[in-house]
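A.B. asks: Below you'll find the structure I mean.
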Amino acid sequence: MVEAILQEMVLRKDYLIEERIDTIYFGGGTPSLLAASEIAKLLAAIQKHFIVLPGVEVTLEANPDDLDFDTLVAFKSVGINRLSIGIQSFHSHHLQFLHRVHNADQAKNCVQDARKAGFDNISIDLIYALTNETDEEWREDIRQALLLEPEHISSYSLTIEPQTVFGKWAKTGKLRVTDDDVAARHLEILIEQLEASGYEHYEVSNFAKAGFQSKHNSSYWKGAKYLGLGPSAHSYNKVSRQFNVANNHAYLRSIKSGEVPFEKEILSRADKVNEYILTSLRTSWGCNCDYLKNEFDYDLLLEQSAYIQDIIKNEYARLDNAVLSLTKKGKLLADKIASDLFISL
């Protein structure tokens, strides 16, 4: 697979022509199963084919059960300088419910081993609003996370997708879905605890110590171009999105024949406007209405004047120098507010 990804890199080396690369991310599944030597080979090829800036953020996504001390040392030695560790919970029964292999002790040991291996930029993932999760259990998860002193914390509510096992269980009544009020309360608890501990709430689901905002995620939210390599990878160039085929065999077969197997979606003006509104409103820097006007010829303040006045009056949002941003109260309803502001397709 690594050789195929290297070949795809050659085939698509002009996709980000003249773009400066400040973030590289190994994610989507279990990239930590790659050997350090394979990651080194991929990083060397990226340096060869693209303009990579000094101090580039190189993140590896991993589960605690995939990482031991020697593996962490090896990853650090080849250029990984940021870890994103999928802890999800510090309670064994919730981890079992999520079908996670690791336990709470493994999660803690993994972060401690990463420190010993020299990592000084660690992000952890937590999930809230789990089925039957109490407020106290959630507070304890946050407390355990803070004891590990990660530079970054990402946290999302449990999402039940229709075609998954959880979705089928929910439909038949086997699984009780946590209601939105509980999810909102858990997010409020999270914001309160992390801000009190010195973390900046810079995106609805993301918190960082000073200087440790994720360059990678921030580039998505700011609408930057990006190239994804490998099966199921997505790419974006401000004109269209490309979706690589998910099937490994189909991917390998196409790459071997010299073609990249992807589907393309051409983005309409409405698509671009709506995506910018959705992603920017979730961030601390907010939605720049002048940018919308200059880039897409769309005057949000004019078109949605009444609605914007209403959410400002009700303290869900604020407007400062043509930048619309959400208050703490508004962040609890970020996606709803964004969708209310969308252009009709």
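The values are calculated or read from the model by the stated rules, or taken from the named source; none is laboratory data. If you're wondering where the values come from, they're calculated on a predicted model, not measured in any experiment. Cβ sites come from the backbone with ideal geometry, for glycine too, and all protein chains shown count toward neighbours.
A.B. asks: Would it be correct to say that E192 is modelled with pLDDT of 95 or more, among the charged types (D, E, K, R), under 19 Å from L326 (Cα atoms) and over 20 Å from the mean Cα position of the chain (by Cα)?
C.D. replies: yes
A.B. asks: Moving on. Mind listing just one residue for me: the one in segment 111-122 that is in a loop (DSSP other than H, G, I, E, B) and out of contact with any strand residue (DSSP E or B) (no Cβ under 8 Å at 6 or more places or on another chain) and, of those, farthest from N81 (Cα to Cα)?
C.D. replies: Only one residue fits best here, namely A117.
A.B. asks: Where residues in segment 221-259 are touching a residue at least 24 places away in the same chain (Cβ under 8 Å) and among the β-branched types (V, I, T), which of them is nearest to G286 (Cα to Cα)?
C.D. replies: V239
A.B. asks: Next up: Restricting the search to segment 122-133, which residues are under 21 Å from the mean Cα position of the chain (by Cα), surrounded by fewer than 21 Cβ atoms within 10 Å (Cβ to Cβ) and of a type outside the set (A, V, I, L, M, F, W, C)?
C.D. replies: D125 - this is the single residue of segment 122-133 that is under 21 Å from the mean Cα position of the chain (by Cα), surrounded by fewer than 21 Cβ atoms within 10 Å (Cβ to Cβ) and of a type outside the set (A, V, I, L, M, F, W, C).
A.B. asks: On the given criteria, is L6 modelled with pLDDT of 95 or more and surrounded by 15 or more Cβ atoms within 10 Å (Cβ to Cβ)?
C.D. replies: yes
A quick yes/no check of all residues on (1) in a helix (DSSP H, G or I); (2) in contact with a Lys or Arg (Cβ under 8 Å, 6 or more places away or on another chain); (3) of a type outside the set (S, T, N, Q); (4) in contact (Cβ under 8 Å) with a residue 60 or more places away in the chain:
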position: D70; (1), (2), (3), (4): yes, no, yes, no
position: S84; (1), (2), (3), (4): no, no, no, yes
position: L95; (1), (2), (3), (4): yes, no, yes, no
position: V101; (1), (2), (3), (4): no, no, yes, no
position: Q106; (1), (2), (3), (4): yes, no, no, no
position: N109; (1), (2), (3), (4): yes, no, no, no
position: I124; (1), (2), (3), (4): no, no, yes, no
position: N132; (1), (2), (3), (4): no, yes, no, no
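A.B. asks: Considering only residues that are surrounded by 13 or more Cβ atoms within 10 Å (Cβ to Cβ) and among the aliphatic types (A, V, I, L, M), look in segment 296-307 and name the one that is farthest from L267 (Cα to Cα).
C.D. replies: Within segment 296-307, the match that is farthest from L267 (Cα to Cα) is L301.
A.B. asks: Could you check how many residues of segment 276-294 are more than 18 Å from K328 (Cβ to Cβ) and surrounded by fewer than 15 Cβ atoms within 10 Å (Cβ to Cβ)?
C.D. replies: Adding up the residues that qualify gives 2.
A.B. asks: On the basis of being in contact (Cβ under 8 Å) with a residue 24 or more places away in the chain, outside the structural domain of S157 (by TED's automatic domain parsing) and surrounded by 15 or more Cβ atoms within 10 Å (Cβ to Cβ), does A317 make the cut?
C.D. replies: Here the answer is no, as A317 does not meet what is asked.
A.B. asks: Kindly indicate which of K272, K329, K293 is in a helix (DSSP H, G or I), free of Cβ contacts under 8 Å to residues at least 60 places away in the same chain and under 23 Å from H201 (Cα atoms).
C.D. replies: The unique qualifying residue is K329.
A.B. asks: For segment 57-77, which residues satisfy the criterion of being of a type in the set (A, V, I, L, M, F, W, C) and crowded, with 18+ Cβ neighbours inside 10 Å?
C.D. replies: Listed by number, the residues that qualify are V58, L60, A62, L67, L72, F75.
A.B. asks: Here's a follow-up. What are the residues in segment 26-56 that are among the basic types (K, R), under 14 Å from V2 (Cβ atoms) and loosely packed, with under 14 Cβ neighbours inside 10 Å, if any?
C.D. replies: Result: no residue meets the conditions.
A.B. asks: Looking at segment 134-155, which of its residues are charged (D, E, K, R), assigned to a helix (DSSP H, G or I) and crowded, with 19+ Cβ neighbours inside 10 Å?
C.D. replies: D141
A.B. asks: While we're here: Does D310 meet the test of being out of contact with any His (no Cβ under 9 Å at 6 or more places or on another chain), at pLDDT 95 or above and surrounded by fewer than 19 Cβ atoms within 10 Å (Cβ to Cβ)?
C.D. replies: Considered against the rule, which asks whether it is out of contact with any His (no Cβ under 9 Å at 6 or more places or on another chain), at pLDDT 95 or above and surrounded by fewer than 19 Cβ atoms within 10 Å (Cβ to Cβ), D310 comes out as yes.
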